[in-house]
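I have placed the structure first, in the form of structure tokens, so that the comments after it can refer back to it.
The values are calculated or read from the model by the stated rules, or taken from the named source; none is laboratory data. Here the structure is a predicted model, which means the values were calculated and not measured. Backbone-built Cβ (ideal geometry, glycine too); neighbour counts: all protein chains shown.
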Amino acid sequence: MFPLSKKLPSENNKIYSYRAIKEGILSLQLQPGQALSVVDLAKVLKVSTTPIKEAMGRLQLEHLVEVIPQVGTYVSKIKPQLIEEAASIRLILEKEVLQLACRSFPRENLDQLKKNVDLQEMLMAQKGTKWDFKKLDRNFHCIIFQGNQKKMMWEAINQLAAHCHRMTMLSQKEHDYYELITDHKNIISIIENKEIDQVENILGKHILGPIEGWRNFYHQESAYTSYFDFTEKSRTLA
């Protein structure tokens, strides 16, 4: 079973169970296709089975958990089709929000973006974990949406992008951090200089660029083939 995630002071058992299991799935500590036991999870998280069952229901709606009647409950395998759909939706919505930021963006939020990038560089220097870097990356983009009063939009994107998050954890190497941080610095520059004409280029590279590399994991010779569900193939994978 995955390492225990600490319960935060503000969390009740229901919120804690959901967050801990979801983090276990997104960080790949709970691997695609792995069987999940409500009883075992309750023991690990030191809660009753009720919040675990509720968390499973939510995660099933997010396509992160699959329940097979009369068989069992499993971590959902990664679906390339959902990855490409989520990336396309994110590109459309984030382009709109970044264009808004180029027109008007609070100084406070701009400072938060710069502080976030500083933390990314510090984490890279300290050879921090992929999961810690991923959390900073997600928070960076969240700040842009918050600065435009679009936080709920970002939360919706985040739900859709769960399979993308797992692919990032699976594929990301240390040298990728340099490229991601450079992209983030460029995004900050675009906001500061109100370069609306650069928005589509940077986001296309930042959001769609990694997908080309991810396709190397999909083929039958990959060591991670068992992580994927190919029942719904996209046109690009057919």
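Laid out as a table, the results:
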| item | result |
| --- | --- |
| Residues within the range 92-107 that are among the charged types (D, E, K, R) and touching a residue at least 24 places away in the same chain (Cβ under 8 Å), tallied | 3 |
| Pick from the range 73-118, criterion within 18 Å of A162 (Cβ to Cβ) and more than 18 Å from the chain's Cα centre (by Cα), ranking: surrounded by the most Cβ atoms within 10 Å (Cβ to Cβ) | T73 |
| Among (1) farther than 23 Å from D176 by Cβ; (2) acidic (D, E); (3) surrounded by 19 or more Cβ atoms within 10 Å (Cβ to Cβ), the one test that D137 misses | (1) |
| Considering residues of the range 44-69 that are surrounded by 13 or more Cβ atoms within 10 Å (Cβ to Cβ) and among the charged types (D, E, K, R) only, the residue farthest from A156 (Cα to Cα) | K53 |
| In the range 107-151, residue nearest to M169 (Cα to Cα) [restricted to those that are β-branched (V, I, T) and at pLDDT 95 or above] | V117 |
| Selection status of G33, of a type outside the set (A, V, I, L, M), surrounded by fewer than 17 Cβ atoms within 10 Å (Cβ to Cβ), under 23 Å from the mean Cα position of the chain (by Cα) and not in a helix (DSSP H, G or I) | yes |
| Matching residues, the range 159-217, being in a loop (DSSP other than H, G, I, E, B) and of a type in the set (K, R) | K173, K194 |
| Unique match (being in contact (Cβ under 8 Å) with a residue 60 or more places away in the chain and of a type in the set (K, R)) among K114, K150, K135, K173 | K114 |
| K134 being assigned by TED's automatic domain parsing to the domain that holds D176, basic (K, R), out of contact with any Pro (no Cβ under 7 Å at 6 or more places or on another chain) and farther than 21 Å from E195 by Cβ | yes |
| In the range 68-88, the residues that are touching a helix residue (DSSP H, G or I) at 6+ places or on another chain (Cβ under 6 Å), more than 14 Å from I25 (Cβ to Cβ) and β-branched (V, I, T) | I83 |
| Qualifying positions in the range 56-78 - in contact (Cβ under 8 Å) with a residue 40 or more places away in the chain, of a type in the set (A, V, I, L, M, F, W, C) and assigned to a loop (DSSP other than H, G, I, E, B) | L64 |
